[in-house]
Every structure is written in structure tokens, then in C-alpha cells.
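These notes concern the structure reproduced below.
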Amino acid sequence: MRLHSYRPSYARVGTACIHRCSQGAYASASISDEHSQAEPRAADADVVYDSQDSGGGSPIVKNQFHYDADDLSDSELSSEPSDDDEAGISALIHLEAPEQAPAPPPSGFEAPQFREFDVHCNGFDEQLLSRTAKLRELSRELEPEPAVSAASASDKKPPLRKQVASSFKQKVPRAYLDMILAENSSRKFQDWYFMTENAQPAEIDPWATFLGAKKPKKQSLKELLKSLGVPSQHLSPQLQHITVDMYDTVNLLQPVHVMCKQLQRYYKCRGFAQSFICFILDRNVFNSPECTSAWCEDVYSRLDANHFTDTYLQLVAGDSYLLHLRVSRQIPEFHELLLEKLFPQHTYETLLGEFDRLLKAKEHQKLLYFTLFIYGTATMPFGDTAASQRLRDSVYGAGNDGNHVELVIIRSYINFFIKIV
């Protein structure tokens, strides 16, 4: 059976497909429907069954197009598209995105407004520069001064820095000098120093001493003190008050036990009591374990007690409780006698009065040394006494002043002394 040949126009089909590319399914369906309506019998006859199907067979429909090459005209095979086709193709190729509308301005947005000013000679303010200068000067006066560090503050005190730096007998780091000047308020590095020069011990030939060929010349007390490093102003026969505002000069010193051994040989010399008091109150000597209280009491027992007491009271101020505490630790036998000389009435009411005076004057450092100085005596014994309770109430009544650590230490000491039985 011969199927009727179907000769479609390829030019028209191609144009339709280009114009309706988005509707391809619709175009294919139209062609199939047209073919089925034209030749229904041919479509029904051209059915092929699958021989491998066990069932009745699934028909496979073939749509074949038979055409003769002679039947196609030149106009139908023309490859030149028409004007309509070119318009359709260009429409598909040149797809233009739709123009987006500008976004609306955010809420609260205000467009800037410009104003015009008259800057001609008649409208310009001639005093503008002078007013600006006055405003700048006023701003400088109102600005707070920047905080000054401790190091820069110490640099602004050249006399003190120069004085302390010039007193050093050895080369010290700059950081050590800055640390000393920064702690000036607490007086941590200030104390009494008797030997401030480098020691110059006498050179003795050990072989000559062993053979006894030549005995070493005996020095005077003044020459001995000078060789130990005592400056000339401390060698004056006139008694001067011992001050605790000196700085350590970092000088070279002989061993403390050697100085003690050399000094005790001159206990019969005039002015020995003054030199002995100045020596044992020196901070470096007091902190040395080589200067023991046994050695100090041994030397003290060789001296006249009244002369020693009078000399001490002439050298040390009555309210210098740091030195009073120091000498009482070096010479415990002298503790009761010194307390009686400082407070003739020698009652706990007198001591409490001095305690209250120092507390009201906010001399907390002296108050701390005073508390340590009076405790352990017959007037202020350890334990839970009425005097201790009153001292504790007075300190607690002053409040918790966090800026003064001495008050916290005094409370701790009093509570500790009360618990001692």
C-alpha cells in the first residue's frame, strides 16, 4: 500500500517554529493533527507490531513524510528569510529587559537644600577672622589639661631629680631613679642613712702584721667613721636631729659585722654615744642580720644610761616613732625608759590621748609606728584589756578609709595583740 506523499513547505514550517519557539508543543500538535485529518487511512495502515511482545503486540506508529525533490519549487527552497522572519528573529535575539522603576527614597530622608549667600564686598563680614581667633582661644582655655604620668611629673622637678641622681655614689639604672621619685608620696625609699660615702678601709699588710715588724697606727673615732663612709656633716660635734627623709646613695660599705667590731673598741671615746646611736638607727645596719640586739645591748651596758638617753632625745624628735620603734628593737632594755621619758605621766590615758591626736591629724604612718611602739610595755600589755578595746573602737570609729592602708594594718595588729595571752 502506497502512502500519499505529503510535501510541507519548509520555509513556512521553519518560520512558524522560530516565531513560536516558546509554543513548540503547540506547533507539533498542529502538524500532527493536520496530517491525521488528511490521511486517516494511511495513518491506520502504517502500524508496526513488535514481534518480541508476548502479548498482542504494542503498535509503534511511524509518521513518514514522502516527498519528491522535483515537486519542490525554488521559491519554497529559498534560504533567504523574508522581512517578517527577520523581524521575528531579531525580536528573539535582542531581548530587552524591562526598565526598573527607581527605588523610592527611605523614610526620613530629606534632600539637601542649598542656599546662596551674597559674598560681595558689601555682604562679607570683615570681623570673621578676629571672631574665629577669639573662639579658638576660648576653646583652648576650656579644654582640660591632659593627665601627667608619674615619670613626666618627676621630669618636671629637675631639682629633686638632680639632687637624688647626684647623691648616688654608683651608677644606677634610670628605671630605679624613676621608681624612687614615683614613690615619693609614700616615703618608701626615704629613711635615715648614716654612711652615705664609699668606704675607704685602711690597707694593712698581713705579713707585716703577722711578723710584728710594724704595728698598724690606731685611728681616732673620727678617722674610723670617715673610713666607714660617714660624711663630714655627720661628724660635727654639734648634735643635729636625725631625719628620715634621706635616700640611699647606693654607696660601697664594709661588712656590717666588721664595722661593729671596729666601732665597739671606741666606746670610751668622747662622742661615742652619738656615733653609736646614729650607727644602729641606720636603715642598712638595722636591716642587716649581722647587727644583732645582743651586740647592741652589750655596747649599751658599757655606757651611762642617763647620758645615752639625753643624747638620744637630742638627736631624735619626740614624734619620730619609727626611730623609737627601731631603737627599742635594737635595745629592748631601753624601751621602758624611753617610753617614760617621752610620756612622763606614764599612764594609758596619756597614750590614748596621743593615739587620738595622731588619728584626728590623719598621720596614719606615725600612728602605725606609735601603736607598735607602745604595745608590749607595762602600760600597754598584750591581751584583752580596756585600753586595747578603746584603741580598737577608735580605729573602727574612723571608718573604712580605703585610701590609707595603714588603718587596715593597725586594726589587724590590735586584733592580734588582743588575742595574745
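Coordinate-derived values only; no laboratory data. These figures come from a predicted structure and were not determined experimentally. Here the Cβ positions follow ideal geometry from the backbone for every residue, glycine too, while neighbour counts run over all protein chains shown.
In terms of surrounding Cβ atoms within a 10 Å radius of their Cβ, 343, 373 rank from fewest to most as 343, 373.
Here the label points at residue 365 and residue 254, each 7 Å from Cα along the C-beta direction, are separated by 3.2 nm in the simple model.
Other residues whose C-beta falls under 11 angstrom from the C-beta of residue 242 contribute a net charge of -2, scoring Lys and Arg +1 and Asp and Glu -1. With a threshold of 26 Å on the Cα-Cα distance, the over-threshold entries among 162/360; 188/226; 217/261; 169/222 are 162/360; 188/226. The trypsin sites (Lys or Arg not before Pro) of the stretch 343-398 that DSSP puts in a loop, and whose beta carbon has at most 15 other beta carbons within 10 Å, are 362.
Within the shell of other residues whose beta carbon sits under 14 angstrom from the beta carbon of residue 271, the net charge comes to +1, with Lys and Arg scored +1 and Asp and Glu -1.
Here the extension length gained between residue 127 and residue 182 equals 14.8 nm, from 0.36 nm per residue of separation less the Cα-Cα distance. Taking Lys and Arg as +1 and Asp and Glu as -1, the other residues whose beta-carbon sits under 15 Å from that of residue 335 total -1. Taking the fewest neighbouring Cβ atoms within 10 Å as the starting point, the ordered list for 169, 226 is 169, 226.
Counting neighbouring beta carbons within 10 Å and listing from fewest to most, the residues 269, 278 come out as 269, 278. Based on C-alpha pairs under 8 angstrom that are at least 6 apart in sequence, the stretch 190-334 has a relative contact order of 30 percent.
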